[in-house]
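What follows is a short report on a single structure.
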Amino acid sequence: MIDLLIRGASLPDGRQGQDIAIRGGRIADVAPGIDAEAGRVLDAGGHLVSPPFVDAHFHMDATLSLGLPRMNVSGTLLEGIALWGELRPTLTREAVVERALLYCDLAVSKGLMAVRSHVDVSDPALVTVEALLEVRERVAPYLDLQLVAFPQDGYFRHPDAAGALERALDMGVDVVGGIPHFERTMEAGRASVEALCRIAAERGLRVDMHCDETDDPLSRHVETLAEQTLRFGLEGRVAGSHLTSMHSMDNYYASKLVPLMAEARLAAIPNPLINIMIQGRHDTYPRRRGLTRIPELIEAGIDVALGQDCVMDPWYSMGTGDLLDVAHMAVHAAQMGSQADKGTLFDAVTTVPARILGLEGYGLAPGCHADMVILQAADPAEAIRLRPARLAVIRRGRVVAETAPEIARLALDGRPGTVDPAAYAPRHAR
């Protein structure tokens with residue numbers, strides 16, 4: 001007897017007609033035509049069954065705070081940081097928890113079940129840290145929340161940041177963060193990378209650093225991050241987030257930098273929605289996209305995950321919590337329009353960020369946690385194109401969210417009575 005049986009699934013690797021048997025919160029078997037009694041049977045009907053979406057870069061302490069205390073009129077990164085500085089002293093633990101829980105509900109409805117959130121440790125009161133540690137505990141039954149100690153105002157630039165970061169890690173924050181390009185000088189930025197990597201090595205923690213989130217081609221802290229990763233033996237445990245200066249670097253320097261990143265097994269986490277919205281603000285025309293070199297990094301064997309970054313906060317007034325929106329934007333901004341490219345970008349919001357976060361039991365193989373999403377699409381490329389309904393979201397073998405199929409009902413003479421968006425994909429393209 002099994003708890004849940006999913007029949008007729010298409011899998012991201014191209015297998016079709018697969019059944020998935022679930023027992024005790026884990027996947028017991030994946031094969032065609034499983035013959036077993038089940039407490040519940042779900043018919044996937046040929047739709048795509050995917051492991052859950054994973055957001056490798058988010059700011060949950062700020063989410064859903066749009067308009068507090070005012071709007072970001074210029075739309076720039078720096079005004080967003082200034083706005084957050086105005087809002088931060090007024091934050092209460094209860095308000096941060098309430099907004100974060102609302103966002104987690106939205107995320108799970110979209111099939112997003114793991115988030116790495118940066119949490120600002122610039123305020124020595126650590127209200128945001130206390131709030132998100134509470135949220136992490138409360139959402140654990142349905143979402144894995146990994147927290148990064150993030151000195152938003154600079155590790156050296158803010159007088160209390162160093163001590164607050166250490167206290168946040170003592171309280172149970174998971175990952176060491178930083179923002180070297182926001183220090184007062186390039187040398188201070190370099191020194192912050194060294195100091196933060198040392199802390200991570202001493203504590204046995206991962207590193208995820210906002211790195212070179214600027215249009216300045218001479219902002220090259222990712223080079224330092226790769227070097228310090230090698231120095232402290234942190235290979236495979238360090239990520240550079242944003243890396244937007246790489247968009248503006250000359251190709252010769254990039255030809256040296258990318259292999260160094262690969263040698264350090266550095267992961268890269270661009271955030272397409274926010275990067276193309278915020279970068280290039282000093283340009284007239286041509287205006288830079290500001291998105292890092294995603295295809296080149298992937299070609300070099302570097303793990304590239306896409307992050308949502310922000311949803312309705314001082315930096316970004318939009319966002320839905322849907323990682324397929326992020327992948328959809330990356331198709332356009334990174335000019336990755338082939339079927340193979342779309343499959344790669346689907347991996348960049350599922351399996352690759354799961355690897356970067358070190359998630360245990362992630363995947364669709366026997367023995368993995370029974371966490372998955374049934375999407376109203378046939379394959380990853382179609383899922384990115386349509387950003388379709390999540391027909392079912394399953395956590396540890398329990399259906400935690402369901403959405404009705406997206407069907408338009410028409411009243412047109414001589415035409416079909418309904419339109420299913422998933423039926424309009426060219427089958428020969430697969």
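Computed from the coordinates by the stated procedures, all read-outs in this text should not be read as laboratory data. In this text the structure is predicted, and so the values were computed from the model without any measurement. Ideal geometry is used to build each Cβ from the backbone, glycine not excepted, and the neighbour counts take in all protein chains shown.
Would you work out which of 150, 45, 336 lies farthest towards the positive end of the dipole of the chain? Charges go on Cβ: Lys and Arg +1, Asp and Glu -1.
The residue sitting most towards the positive pole is 45.
Roughly how many debye, to the nearest 20, is the charge dipole of region 185-233 about its Cα centre, given +1 on each Lys and Arg Cβ, -1 on each Asp and Glu Cβ, and no other charges?
340
List every DSSP H helix in the chain whose Cα atoms extend 20 Å or more along the helix's own long axis and whose mean Kyte-Doolittle hydropathy is at least -0.5.
Values: long enough: 93-109 (24 Å, 0.61); 186-203 (26 Å, 0.04).
Span-like helices in the chain: 93-109, 186-203.
Which is the longest stretch in the chain that no exposed loop site breaks, taking sites as GluC sites (Glu not before Pro) with a DSSP loop state and at most 11 other Cβ atoms within 10 Å? Please report the intermediate quantities before stating the final value.
Working: sites that count: 37, 360.
Answer - 38-359.
Would you grab the residues whose amide H sits under 5 Å from the one on residue 267? Only those 5+ places off in sequence or on another chain, please, with H modelled 1.01 Å from N.
238, 239, 240
Can you give the charge dipole size of the chain about its Cα centre, rounded to the nearest 20 debye, using +1 on the beta carbon of Lys and Arg and -1 on the beta carbon of Asp and Glu? List each step's numbers first, then the result.
Numbers: 42 positive and 57 negative charges, 128 e Å.
Dipole magnitude for the chain comes out near 620 debye.
Which net charge results for the neighbourhood of residue 287, defined as the other residues with beta-carbon distances under 12 angstrom from its beta-carbon, given Lys and Arg at +1 and Asp and Glu at -1?
+1
Can you tell me the relative contact order of region 53-357? Whole percent, Cα pairs under 8 Å, sequence separation 6 or more.
20
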